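Novice: Here it is, the structure, as structure tokens.
The values are calculated or read from the model by the stated rules, or taken from the named source; none is laboratory data. Since we're looking at a predicted model, the values are computed, not measured. Cβ: placed from backbone, ideal geometry, glycine included. Neighbour counts: every protein chain shown. Keep in mind that these areas ignore ligands, DNA and RNA; they rest on the heavy atoms of the full protein, side chains included. Shrake-Rupley method; radii C 1.70, N 1.55, O 1.52, S 1.80 Å.
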Amino acid sequence: MNKMKKWTKRLGMTCLFLMALTVTFQSITGLQAHSFVSHLMDTIPVGETVNGEAPTLEESIDWSKYPKYTVTATGYTAGVESTGKTKGHPEYGITYSGVKVKRDLYSTIAADLSIFPIGTILFIPGYGYGVVADKGGAIKGNRLDLYYETVEDVYRHWGKKTVDVYVVKKGNGKLTEEQLTALNEDKSMQVFRQQYIKSEKK
């Protein structure tokens, strides 16, 4: 009987402590405890696994919420084989938008500007984020050209594919180096940088 009283008393004290903790939390932060927990749950990526491995970029977002286009995507380089320009050319590696070609978390891609204006951000499964920075004579309609640093990379990583892409943000016709750098340096994206580096080394 004595043990039962002791345990009941402990349970009551624990409940009082938790209630006091909740009231203190709410008075300091101004947040309801359940709202805070809900917010935390919302920030956990959808694809996070039980063993703590970071989800891939493709798993971390519900892409069904974004407008989808089926496109034929090929790869291109800054070199003479894709642009007709050699390394000595003053416009070598410079896109139609004026930014330098880049393969990164957000890479430069070429598109039909009447469909995807300069600055449009697309998610391309198997490639990552592409920012429309360029156009091409053969890039008409639902076609994309994805930037790679070398011809070998084009063949090894991509080639030519028909793929569904997702419009993350429609461009306004402009893109600057500062905007592209800001996208690639966004803190929330750095968790995916190691995955990107590993995929490029395969």
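Novice: In square angstrom, what is the accessible area per residue of segment 84-202 with a 1.4 angstrom probe?
Specialist: 54
Novice: Would any residue of segment 131-173 have its amide N under 17 Å from a label point 7 Å out along Cα→Cβ of VAL80? List them or say none.
Specialist: Answer for this model: 150-152.
Novice: Using 0.36 nm per residue of separation minus the Cα-Cα distance, give me the extension gain between VAL151 and LYS170 in nm, one decimal.
Specialist: Taking VAL151 through LYS170 to full extension adds about 3.9 nm, to one decimal.
Novice: Could you sort out which of LYS140/LYS169; LYS87/LYS161; LYS65/LYS102; LYS140/LYS160 sit more than 23 Å apart by Cα distance in this structure?
Specialist: Flagged as over cut-off: LYS87/LYS161; LYS65/LYS102.
Novice: Return the distance in nm (one decimal) between the two label points of a simple spin-label model at GLU177 and TYR69, each offset 7 Å from Cα along Cα→Cβ.
Specialist: Taking the two extended label points, one gets 2.8 nm.
Novice: Right, next: Which one, GLN195, ILE139, TYR127, projects farthest toward the positive side of the charge dipole computed for segment 53-202 from Cβ point charges (K/R +1, D/E -1)?
Specialist: In segment 53-202, that residue is ILE139.
Novice: Please report the projected area of segment 76-202's Cα convex hull averaged over all directions, in nm².
Specialist: 7.6
Novice: A further question follows. Just need the relative contact order of segment 94-202 here, percent rounded to a whole number, with Cα pairs under 8 Å and 6+ apart.
Specialist: Relative contact order here is 34 percent.
Novice: What percentages, rounded to whole numbers, describe P(r) for segment 128-183 computed over all alpha carbon pairs with 5 Å bin width beginning at zero?
Specialist: 4, 13, 21, 30, 18, 13, 1
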